[in-house]
Amino acid sequence: MEQPLLEPFVNATTSVIQTMAGLTPKPGAPFTKEDEHAFGVVSGIIGLASDTLRGVMIISFDERSILKIASKMLFEEFHEVSADVIDAVGELTNIIVGNAKREFSEKNYVFDMATPLMLKGTDLKISQFVSGTTTCLPFTVEDAVFRLEVNLCEPRTVLNKMQKR
């Protein structure tokens, strides 16, 4: 994925985690995702659509990272991935995409957003209708890891993949 398309998501992720949890996530090197396996124990997924691009953003957390972030966000110490923690993932997902959407609008991309979907569990597979490349960006926050995944492509690519099924 082109860096200009990834940058709004990176900026939004960093800003939202800093604002909501008072933690400073550090982005690692982006890489191309090669499989459908979800990272971590809980993921927030949100679809994006415009006239020129379609896709999805997924933010996935290992247990240590989401417990740390949710505890700071909600001013309560969490020791397991509870309903409140999963709600926090949904809120983070929504706010991150909302902030990225604002930055995209400054670049003349206007997106509609779906309602976030949260998945909890390990060894989950997430299949996507978009056939573009999924770019992954790991973040570290203190001693924990979470991952941002973004896949955007032209609308006709989505239609072509659906027709092949």
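What FRET efficiency would be calculated for the residue pair ASP87, VAL110, taking the C-beta separation as r and a Förster radius of 25 Å, to the nearest 0.05? Spell out each step's value before the answer.
Details: r = 28 Å, r/R0 = 1.12.
Here the calculated transfer efficiency is 0.35.
How much of the accessible area of segment 34-105, probe 1.4 Å, is carbon plus sulfur, in whole percent?
On the way: 1450 of 3170 Å².
That share works out to 46 percent.
Send over a whole-number figure in Å² for the accessible area per residue of the chain, probe 1.4 Å.
Working: 8490 Å² over 165 residues.
Result: 51 Å² of accessible area for each residue.
Using helices alone, what [θ] at 222 nm do you get for the chain, with -39,500 (n - 2.57) per DSSP H run of 4 or more residues, divided over all residues and rounded to the nearest 500? The per-residue figure over the chain is -13000 deg cm²/dmol. Across the chain, the convex hull enclosing all Cα atoms gives 106 Å³ per residue. So for the chain, averaging the separation of alpha carbon pairs under 8 Å that are six or more residues apart and normalising by length, what relative contact order in percent results? Computed over the chain, the figure is 35 percent.
Using per-residue counts of other Cβ atoms within 10 Å, averaged over each peptide, order 119-125, 84-90, 56-62, 37-43 from highest down.
Values: 119-125: 12.4, 84-90: 19.6, 56-62: 24.1, 37-43: 21.9.
My ranking of the peptides, most packed first, is 56-62, 37-43, 84-90, 119-125.
Assign unit charges at the C-beta atoms only (+1 for Lys and Arg, -1 for Asp and Glu), then state the dipole size of segment 1-119 relative to its Cα centre in Debye, rounded to the nearest 20. Kindly include the intermediate steps, with their values, before the conclusion.
On the way: 9 positive and 17 negative charges, 66 e Å.
So the magnitude is around 320 debye.
The values are calculated or read from the model by the stated rules, or taken from the named source; none is laboratory data. What you see is a predicted model; the values in this text were computed from it and never measured. Neighbour counts are summed over all protein chains in view; Cβ atoms, including those assigned to glycine, are modelled from backbone coordinates with ideal geometry. What goes into the accessible areas is simple: the full protein's heavy atoms, side chains included, and nothing from ligands, DNA or RNA. Shrake-Rupley method; radii C 1.70, N 1.55, O 1.52, S 1.80 Å.
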